[in-house]
Amino acid sequence: MGTDIYGGIEVRDPCADEDWYEWPAWQRAMDLSPLYFGRDYASFASLFGVRDDIGWDPVAARRGLPPDVSSEMKEEFDKAVGTDPVVHSPTWVTWGELDRADLDAAPPGVRGVLLLRHDRSPALEIRYWITDHWPSGAVEKLGAPPSPRSPADTPFGEWRLGSTRLTYESFTRRDAVGPGTGWEHVFAVMKALAGRFGDEGVRLVVYFD
């Protein structure tokens with residue numbers, strides 16, 4: 001069963017620390033779904049530690065809901081939990097943390113990624129994480145190892161094996177959440193809001209099912 005992401009962007013009122021301020025400090029500014037509605041587990045893993053099969057050092061994993069979460073987000077989450085018991089892994093991250101994240105980080109022990117695309121289904125892509133050995137799933141699918149050499153001795157590049165096009169390349173957090181992944185829209189909105197509310201006054205609150 002697949003995993004989907006839900007949530008929204010919250011902002012903190014700049015006057016929330018003033019003595020006269022009597023309203024909730026955090027307010028929901030925008031849903032996540034118009035900006036990102038994908039299901040790329042590499043991004044879920046590298047950012048939030050969800051569907052992490054290869055050992056990323058996630059930016060913001062398993063934090064739960066913020067203690068001062070907005071009433072709008074709390075209501076949405078409680079409703080989701082009441083409707084679907086498999087809702088899990090609520091967490092949050094500020095724009096400042098995302099802005100400081102090391103986009104060149106890669107999972108320890110992972111040499112790169114092997115992408116398989118079949119001629120008759122070029123839009124369908126199978127991704128295999130490469131460590132010290134070619135993964136058995138790729139070998140079974142191709143009928144032979146992707147290369148006669150070990151992954152360590154195989155240079156990054158692209159080649160063909162029968163009707164399948166293979167691409168062996170490096171993979172970092174930038175590849176998981178950078179331009180073209182959909183996350184750039186989320187980050188652009190958060191960055192723009194940070195100009196008004198500050199880097200730590202803008203955060204993304206998410207959960208999964």
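Here the chain yields Rg over Rh of 1.06, to two decimals, using C-alpha coordinates and the Kirkwood radius. For the chain, build the charge dipole from Cβ charges (+1 Lys, Arg; -1 Asp, Glu) around the Cα centre, then report which of VAL81, PRO58, PRO145 sits farthest towards its positive end. Farthest along the dipole direction, towards plus: PRO145.
Loop-resident chymotrypsin sites (Phe, Trp or Tyr not before Pro) (DSSP state other than H, G, I, E or B) in segment 22-89 with no more than 16 further Cβ atoms inside 10 Å of their Cβ: PHE37. Could you tell me how many degrees, from 0 to 90 and to the nearest 10, lie between the Cα long axis of helix 71-83 and the main elongation axis, the longest principal axis, of the Cα atoms of the chain? Roughly 50 degrees between the two axes. Using the 1.4 Å probe convention, the accessible area of segment 13-145 works out to 58 Å² per residue with neighbouring protein chains retained.
Dividing the summed -39500 (n - 2.57) terms of all DSSP H runs of n ≥ 4 by the residue count of the chain sets its mean residue ellipticity at 222 nm at -7500 deg cm²/dmol.
Taking the chain as a Gaussian network of alpha-carbon nodes connected by springs under 10 Å, the highest mean-square fluctuation of the residues ASP199, ASP31, ASP17 belongs to ASP17. In units of the compact-protein estimate 2.2 N^0.38 Å, segment 98-159 shows a Cα radius of gyration of 1.30. Stokes-Einstein diffusion of segment 61-116 at 10 °C, 1.306 mPa s viscosity, Kirkwood radius from Cα pairs, rounded to a whole number: 110 µm²/s.
On segment 124-209, 53 percent of the accessible area sits on carbon and sulfur atoms, based on a 1.4 Å probe. Of the trypsin sites (Lys or Arg not before Pro) found in segment 121-193, those in coil by DSSP whose Cβ has at most 13 other Cβ atoms within 10 Å are ARG149.
Mean-square fluctuations from a GNM of the chain, with a 10 angstrom spring cutoff on Cα atoms, peak among GLU97, GLU76, GLU140 at GLU140.
Within the listed set ALA176, ALA144, ALA29, the residue fluctuating most in the Gaussian network model of the chain (springs between alpha-carbon atoms under 10 angstrom) is ALA144. For segment 1-108, the Kirkwood estimate of the hydrodynamic radius, built from every pair of different alpha carbons, is 15.5 Å.
A DSSP coil position with no more than 15 other Cβ atoms inside 10 Å describes the following trypsin sites (Lys or Arg not before Pro) in segment 11-59: ARG39.
The values are calculated or read from the model by the stated rules, or taken from the named source; none is laboratory data. Remember, predicted model here, so these are calculated numbers, not experimental data. Glycine gets a Cβ as well: all are built from the backbone with ideal geometry, and neighbour counts include every protein chain shown. Note: areas computed on protein heavy atoms with side chains; ligands, DNA, RNA excluded. Shrake-Rupley method; radii C 1.70, N 1.55, O 1.52, S 1.80 Å.
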